[in-house]
Amino acid sequence: MKNKIQTVALILLGFAQLSHAQTVTLKGGLNMYDMLFKAPNETYSDHSKLYPGFQAGVSVDIPIKGKFSFEPSALFSQKGFAYANKSDMFGSTVDVTMNMYLNYIDIPLLAKVKFDVAKVKVFTSLGPYLGIGLNGTLKHKATFTYMGSTEVDEGSEKVKWGSDANNDMLKRIDFGLMAGAGVQIKSFQIGLNYGYGLANISSSSDMKIRNRVLSLTVGYSFGQQ
């Protein structure tokens, strides 16, 4: 935990140094997250759904030339997975749910283009992001029903980060691409972003797990506009 706190502190310090004479935006909003979750014999994400979380952080808009700028950010972002499947076999019913809740620090490094449209600024952005897993929880529940009798098996466990397939669940480092668009009206900003994970964060070589997050954020900007 101490190393994670130090990492976040260094990131925030770097943004503070970048912020002089730039536009700094505090932002927060809604995440709708999902995962590609694929085992050798089943793709669990075929039965998954978008699940809500939240995102909050700070970004710095650094002008390059004309309409172009560079926007690094440091964001606390909730990600994960929600799975539900019900099946009937030999007169019995099996209802399975699984929820994975993950907390990340994401660092998008985006190229940004801004256009003046009437009295507002419209922008688009594209670039890579780096994600650092902080903590997480996996909850599962299976309900078995047969001839009027019901049995329930449920539990939860903390996510173990690492690359050891025998002891760990997920790799801590994530990376991918992020694309977005939005509008800025004076100091207020509304943006829509999609983060597509390229890293297989599964600790097991037999599984593929990739993050996917759709974010709607609002922000308030300080400094140059």
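Would you mind calculating the gained length between residue 43 and residue 119 on full extension (0.36 nm times residue separation, minus the Cα-Cα distance), in nm to one decimal? If you can, show how the numbers build up before the last one.
Working: separation 76, 0.36 × 76 = 27.36 nm, distance 4.71 nm.
Net length gain for the segment: 22.7 nm.
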Accessible heavy-atom area order of 79, 67, 186, 119, highest first, probe of 1.4 Å: 119, 186, 67, 79
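Could you do me a favour and compute the accessible area per residue for the range 123-179, 1.4 Å probe, result in Å²?
Numbers: 3510 Å² over 57 residues.
Ligands and nucleic acids excluded, the result is 62 Å² per residue.
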Just to verify a number: what accessible area does residue 87 come out at with the full protein assembly present, 1.4 Å probe, Å² rounded to tens? 40 Å²
In what sequence, largest accessible area first, do 117, 24, 60 appear using a 1.4 Å probe? 117, 24, 60
Just to confirm the number: angle between the C-alpha axis of helix 2-18 and the first principal axis of the chain, 0 to 90 degrees, nearest 10? 30 degrees
Relative contact order (percent) for the chain, with alpha-carbon contacts under 8 angstrom and 6 or more residues of separation? 21 percent
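Okay, helix-only estimate at 222 nm for the chain: each DSSP H run of n ≥ 4 adds -39500 (n - 2.57), divide by all residues, round to 500 deg cm²/dmol; what do you get?
On the way: 1 runs with 17 residues, N = 225.
Calculated from helices alone, the mean residue ellipticity at 222 nm is -2500 deg cm²/dmol.
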How large, in percent, is the carbon and sulfur part of the accessible surface of the chain at a probe radius of 1.4 Å? 61 percent
Compare 28, 155, 131 in a GNM of the chain, Cα atoms joined below 10 Å, and give the one with the largest fluctuation. 155
Using 0.36 nm per residue, how much length does the chain from residue 56 to residue 166 gain when fully extended, once their Cα-Cα distance is taken away? 36.2 nm
Report, in listed order, any pair from 79/114; 86/171; 86/160; 65/121 with a Cα-Cα distance greater than 26 Å. 79/114; 86/171; 86/160
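The values are calculated or read from the model by the stated rules, or taken from the named source; none is laboratory data. Treat the numbers as computed from the prediction; the structure is a model and nothing was measured. The area values use the complete protein model at the heavy-atom level, side chains included, leaving out ligands, DNA and RNA. Shrake-Rupley method; radii C 1.70, N 1.55, O 1.52, S 1.80 Å.
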